[in-house]
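The values are calculated or read from the model by the stated rules, or taken from the named source; none is laboratory data. Worth saying up front: this structure is predicted, and the values here are computed from it rather than measured. Please note: Cβ atoms are built from the backbone with ideal geometry, for glycine as well, and neighbour counts cover all protein chains shown. Just the protein is used for accessible areas: all its heavy atoms, side chains included, with ligands, DNA and RNA removed. Shrake-Rupley method; radii C 1.70, N 1.55, O 1.52, S 1.80 Å.
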Amino acid sequence: MLVASVLAKVKARRALIAILWLVSVVLLVSLAFISHVAAATMRPFGVLGDMIHLCAAGLWIGGLVPLAIFLAACRATFSL
């Protein structure tokens, strides 16, 4: 019974993470439709490129926090 309760919490947490990830991607992609690229003549390619760029920038910035935590932990381990 306890295992089923824990598994239900894990599944609910995974679903919440997936929903939050999807919402963040939608919000990032929506910025492409109001950018300078949206007014260009080659609109579909520009907007698609802007969408990819915004998502890649979000991943890059999101990866900096775990990297900083990892480097701080490594520095503390190897300090004299």
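Scan the stretch 1-15 residue by residue and report those that are modelled with pLDDT of 80 or more and open to solvent by 100 Å² or more (accessible area, probe 1.4 Å).
Hits for the stretch 1-15 are K9, K11, R13, R14.
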Worksheet item: In the stretch 35-58, which residues are aliphatic (A, V, I, L, M), in a helix (DSSP H, G or I) and either in contact with a helix residue (DSSP H, G or I) (Cβ under 8 Å, 6 or more places away or on another chain) or surrounded by 10 or more Cβ atoms within 10 Å (Cβ to Cβ) (or both)?
Response: V37, A38, V47, L48, M51, I52, L54, A56, A57
